[in-house]
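A short write-up of the structure that comes next.
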Amino acid sequence: PESDRKNIIKTIKTGVEFSKGKDIGIVLKINLGKNTSELKKIIIDSIKQNVCEEDLKKITFLFGNFSIQEIKNMYTSKKISCMLSGTRAEGWGLPLIEAASCGLPIIATNYSSYKEFLEEDFLKINYDLVEFKHDLRFVDLDKSPKWAEFDRIDMMEKLNLFFSDIKYYKDTAISRQKIIKQN
């Protein structure tokens, strides 16, 4: 978890905590290179170490490479309300632009390049810049590289905002979708 650029474990733990007592589930789409059963087991075991068995029932895992149509179907499914990303750093944020181009509302760390194409049309999660000492492939190679660590409480507050006015955020996402498609 401490070297996971996408910050999957913390995002799942926060999402599961938010969903307690609510009819909300989590869909986790994972693409692991060759998608071997060994890699799938490693991911699921890591999540099981961080989420109790009861909460694990709220998570649906989707593994493998999807076709463009399958990706579109996932992002436009009536069962999917929003994209939640607690990423620490992104190059461009392909899943975020895919979601935006499908009109899916986005809740994400207010840090990284996807802010260029999402502009103000996403719920921004506050973060702290923290020193990064693990995998230097994803940061500038200076003496103290940093990445964004999202604020767990703020993520839950943004989820509350979203679910208190889904129509507003869906309308905002549809407006952003039009801009993404035009550009």
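Computed from the coordinates by the stated procedures, all read-outs in this text should not be read as laboratory data. Computed from a prediction, not measured in an experiment: that's the story for all the values here.
Assorted remarks:
- Over 21 Å between alpha carbons, listed pairs K13/K170; K124/K167; K6/K146: K13/K170
- Globularity ratio of the chain, using Cα Rg and 2.2 N^0.38 Å: 1.02
- Within a Gaussian network of the chain (alpha carbon springs, distance under 10 Å), most fluctuating of D128, D165, D23: D23
- P(r) weight above 23 Å for the range 35-132, C-alpha pairs, percent: 40 percent
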